[in-house]
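One structure is given here, and the rest of the page talks about it.
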């Protein structure tokens, strides 16, 4: 089944672009690079025989129940981290998992963290290598870098099925290397790097319709031995206009060692 949605692609510029968070010293103030709204066709993973897998497409949709019902405060994190760790050890065959970041996003103008509507991937090569050091320290990072490691994101709806602004992905096989651009990510206390994606009519967009809180998307955001980083972003679309729930989701970043 094919659907359509609007996405926000980045554009090539003769200079390095950046997202600046807390810009001008104002908490929550964000300066963004130029984006171009573009209509794209989507393949629904529920309605196709060409189902995506993590090993070939850098993304996979799986059922994964959780005991956590409230993602506020801190008490839930140990339980949820254990659930994600067990799943990744089993599903990806990794030997070590570090869960290091959770972001709850709400599609509301007043929300602290809204869905990321730009087409991107979370780390450049340099950004991933620096994050490895930030998380583990120089010695342990050097040891991990001698082997196979990756950053993997696990994304889940919260509270109710996703009816609007679902998360969409671009099949890596449809992306030309020249479609990627480097973007700086400037925080008040540190600087990172992510990758933005420029539009290309060859891109093949995929998503899973009406994902529930008992399902997750597992996707690769950096791998030091070649599995592609997958471009993704919130899709401007509505599944059922009669439903008024807003999109709530949690994304969890993990570092894994194969």
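The values are calculated or read from the model by the stated rules, or taken from the named source; none is laboratory data. Keep in mind it's a predicted model, so treat the numbers as computed, not measured. Cβ sites come from the backbone with ideal geometry, for glycine too, and all protein chains shown count toward neighbours.
Observations on the structure shown:
- Set 27, 5: member being at pLDDT below 95, closer than 26 Å to residue 183 by Cβ and either outside any strand (DSSP E or B) or touching a strand residue (DSSP E or B) at 6+ places or on another chain (Cβ under 7 Å) (or both): 27
So that you can scan it fast, the table gives a plain yes or no per residue for (1) modelled with pLDDT under 95; (2) in a helix (DSSP H, G or I); (3) under 19 Å from residue 215 (Cα atoms):
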residue	(1), (2), (3)
80	no, yes, yes
87	no, yes, yes
97	no, no, no
102	no, no, yes
108	yes, no, no
111	yes, no, no
116	yes, no, no
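- Answer from 154, 158 - the residue that is touching a helix residue (DSSP H, G or I) at 6+ places or on another chain (Cβ under 6 Å) and modelled with pLDDT of 95 or more: 154
- Scan of region 57-90 for residues that are surrounded by fewer than 15 Cβ atoms within 10 Å (Cβ to Cβ), touching a strand residue (DSSP E or B) at 6+ places or on another chain (Cβ under 8 Å) and under 19 Å from residue 148 (Cβ atoms), ordered by number: 89
- Remark: residue 54 matches the filter, which requires a residue to be within 25 Å of residue 151 (Cα to Cα), buried (at least 16 other Cβ atoms within 10 Å of the Cβ) and modelled with pLDDT of 95 or more.
- Residue match in region 8-20 (condition: under 22 Å from residue 252 (Cβ atoms) and in a strand (DSSP E or B)): yes
- Whether a residue is over 19 Å from the mean Cα position of the chain (by Cα), under 25 Å from residue 53 (Cα atoms) and touching a residue at least 12 places away in the same chain (Cβ under 8 Å) was assessed, and residue 122 does not pass this test.
- Identity of the residue in region 221-233, out of contact with any strand residue (DSSP E or B) (no Cβ under 6 Å at 6 or more places or on another chain) and touching a residue at least 24 places away in the same chain (Cβ under 8 Å), that ends up nearest to residue 176 (Cα to Cα): 228
- Scan of region 171-194 for residues that are touching a helix residue (DSSP H, G or I) at 6+ places or on another chain (Cβ under 9 Å), buried (at least 18 other Cβ atoms within 10 Å of the Cβ) and at pLDDT 95 or above, ordered by number: 171, 172
- Filtered residues of region 235-253 (kept if assigned to a strand (DSSP E or B) and surrounded by fewer than 24 Cβ atoms within 10 Å (Cβ to Cβ)): 236, 238, 248, 250, 251, 252, 253
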